[in-house]
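The structure appears below as structure tokens.
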Amino acid sequence: MFDTLAYHTSVLYRDFTAYTSARLEKMGLHFGLLFLVIYVGKHPGATPSDLTEALHLDWGHSQRCITKLVENGFLTKEKAGRHYRLDLTEKGQEAFAVSHQVFFDWDKERLAALSGQEQETLLALLRKLAVHKEAPRHV
């Protein structure tokens, strides 16, 4: 075992991925599409370009994910002038609610072993690391 930030981050990431996947699979959604659903839920009417840029995705990958979300009934992709607009369907709204809530639920479970002060300190330190000038912003 390594006692490094990278090691602990990867362990937590695997745990979060497994936890989230178990919740999303019930809806027919997988972890890889989580952030796209959240982005469109927070930015109704966004264009595929907006989404691709904001999530730092490869264009081809982004388009395949959008197509899959449309085919599975989570998104609509409507032509609006020269662009397409993305919106959540009713099924997409339900997925957004679950996708959004899973972050809070996982935090509650994982942070339960820490006192309130320890939780505040941990989150403050993580925020400090996350705002590093080279860290990409996702959602």
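Remark: pairs (first residue in the range 30-45, in contact (Cβ under 8 Å) with a residue 12 or more places away in the chain; second residue surrounded by fewer than 18 Cβ atoms within 10 Å (Cβ to Cβ) and part of a loop (DSSP other than H, G, I, E, B); Cβ separation under 7 Å; 6+ apart in sequence or on different chains) = F35/H138; F35/V139; I38/V139; Y39/V139. Just one of the listed residues (Y19, Y7, Y84) is in a strand (DSSP E or B) and of a type in the set (S, T, Y), and it is Y84.
When you check G92 against the structure, is it small (G, A, S), surrounded by fewer than 16 Cβ atoms within 10 Å (Cβ to Cβ) and in contact with a helix residue (DSSP H, G or I) (Cβ under 8 Å, 6 or more places away or on another chain), yes or no? So G92 does not fit the description; no.
Being open to solvent by 50 Å² or more (accessible area, probe 1.4 Å) and modelled with pLDDT of 95 or more is a property that Y84 has. If we scan the range 55-74, do we find a residue that is surrounded by 12 or more Cβ atoms within 10 Å (Cβ to Cβ), within 30 Å of L123 (Cα to Cα) and more than 14 Å from the chain's Cα centre (by Cα)? There is no residue in the range 55-74 that is surrounded by 12 or more Cβ atoms within 10 Å (Cβ to Cβ), within 30 Å of L123 (Cα to Cα) and more than 14 Å from the chain's Cα centre (by Cα). Of all residues in the range 87-113, those satisfying the criterion of being of a type outside the set (S, T, N, Q) and farther than 30 Å from L126 by Cβ are D87, E90, K91.
The values are calculated or read from the model by the stated rules, or taken from the named source; none is laboratory data. Since this is a predicted model, take the numbers as computed values, not measurements. Cβ atoms come from the backbone with ideal geometry, glycine included; neighbour counts cover every protein chain shown. Just the protein is used for accessible areas: all its heavy atoms, side chains included, with ligands, DNA and RNA removed. Shrake-Rupley method; radii C 1.70, N 1.55, O 1.52, S 1.80 Å.
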